[in-house]
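The values are calculated or read from the model by the stated rules, or taken from the named source; none is laboratory data. Just so you know, these numbers come straight off a predicted model, no measurement behind them. So basically every Cβ, Gly included, is an ideal-geometry build from the backbone, and we count neighbours across all protein chains shown. The accessibility values were calculated without ligands, DNA or RNA, using every heavy atom of the protein model including side chains. Shrake-Rupley method; radii C 1.70, N 1.55, O 1.52, S 1.80 Å.
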Amino acid sequence: MIIAANLKTNLTRHETASYIEEVNRCALASKQDVLVFPAISSLDSFDTKVEVGTQNAYPTQKGAFTGEIGLEQLDEFGIKIILIGHSERRHVLGESQEFIAQKFRYFKSQGFKIVYCVGEPKAKREAGKAEMMEYIAAQYAGIDTEYENLIIAYEPVWAIGTGLTPTLEDIEDIHAELKKKSSAPLLYGGSVKVNNIKDVLSVKNVDGVLVGSAALYAEHFCTMIQYADEIESNN
Ligand code: 13P
């Protein structure tokens, strides 16, 4: 399974290095694919089993894009994984589907592993399944769902950082729908933590998780990695 941590705007460069070192010890003892997305200022060349990716980058090799980083800055550290379409970039930072698709095309052309996020806000969830699925379907516009290095993460916006999660039945239902759109590995994200990860990973068509706040402590994230191993060995 794929067990991923999105550290968002947390941890210093020094703290991130210690975090990755600790998580790597757990990853080495585990069968899971472990990904970590640190803040951009904490990127470095990590010689680890843990795969380190960037939370964002501009679709360019280099140029005049103040405040952004491009391929040249990622290449410096051998970073070949990127998170695209995260709800905070869509809703807080205002990225359009068109721009997200442009990023996708660019990083696909560079062979990046892309963790592509989709998910509905609360109002769409409450509007009923048809409207919700239509909203999510629009987030696939311009995305190559057959790209070999694609991983999709279903992250309901209302479940991110709120402690709320869909029911396991709802996760199963939506994941079944999303698997019809793409056979790429499909992660669930949104308030995953130590005490619910086993349930979430046991749901059909859940191929892993993308964890935010609960992954900020290496010890907790390591427990989640161990739980994934336990679940796999029970199956
Ligand atoms: P939380 O786990 O804090 O809800 O965040 C999920 C997320 O956004 C991962 O990308």
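Any residue at all in the stretch 219-233 that is open to solvent by 10 Å² or more (accessible area, probe 1.4 Å), within 15 Å of the ligand (Cβ to nearest atom), assigned to a helix (DSSP H, G or I) and closer than 14 Å to Ala5 by Cα?
yes
Looking at (1) in a strand (DSSP E or B); (2) hydrophobic (A, V, I, L, M, F, W, C); (3) over 12 Å from the mean Cα position of the chain (by Cα), find the lone condition where Ile3 falls short.
Of the numbered conditions (1) in a strand (DSSP E or B); (2) hydrophobic (A, V, I, L, M, F, W, C); (3) over 12 Å from the mean Cα position of the chain (by Cα), the odd one out for Ile3 is (3).
How many residues, within the stretch 138-173, are of a type in the set (Val, Ile, Thr), in contact (Cβ under 8 Å) with a residue 40 or more places away in the chain and within 16 Å of the ligand (Cβ to nearest atom)?
Residues that pass the stated criteria total 3.
List the residue pairs whose Cβ atoms are under 6 Å apart, where the first residue sits in the stretch 51-69 and is open to solvent by 80 Å² or more (accessible area, probe 1.4 Å), the second is in a loop (DSSP other than H, G, I, E, B), and the two are 6 or more positions apart or on different chains.
Gln61/Gly70; Lys62/Gly70
Which residue is nearest to the ligand (Cβ to nearest atom), if the candidates are limited to the stretch 204-215 and must be open to solvent by less than 40 Å² (accessible area, probe 1.4 Å) and outside any helix (DSSP H, G or I)?
Of everything passing the filter in the stretch 204-215, Gly212 is nearest to the ligand (Cβ to nearest atom).
For every residue, the table says whether it meets (1) under 30 Å from Asn235 (Cβ atoms); (2) hydroxyl-bearing (Ser, Thr, Tyr); (3) in contact with a Gly (Cβ under 7 Å, 6 or more places away or on another chain); (4) assigned to a helix (DSSP H, G or I).
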site: Ser45; (1), (2), (3), (4): no, yes, yes, no
site: Asn56; (1), (2), (3), (4): no, no, no, no
site: Phe65; (1), (2), (3), (4): no, no, no, no
site: Leu74; (1), (2), (3), (4): no, no, no, yes
site: Gly94; (1), (2), (3), (4): no, no, no, no
site: Lys103; (1), (2), (3), (4): no, no, no, yes
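Let's see how each residue does on (1) open to solvent by 60 Å² or more (accessible area, probe 1.4 Å); (2) of a type outside the set (D, E, K, R):
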position	(1), (2)
Ala101	no, yes
Lys108	yes, no
Cys117	no, yes
Ala123	yes, yes
Glu131	yes, no
Ala138	no, yes
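Can you tell which of Lys62, Lys103, Lys80 is under 29 Å from Val200 (Cα atoms) and charged (D, E, K, R)?
The unique qualifying residue is Lys80.
Please verify whether the stretch 81-98 includes one or more residues that are more than 16 Å from the ligand (Cβ to nearest atom) and surrounded by 18 or more Cβ atoms within 10 Å (Cβ to Cβ).
No, the stretch 81-98 contains no residue that is more than 16 Å from the ligand (Cβ to nearest atom) and surrounded by 18 or more Cβ atoms within 10 Å (Cβ to Cβ).
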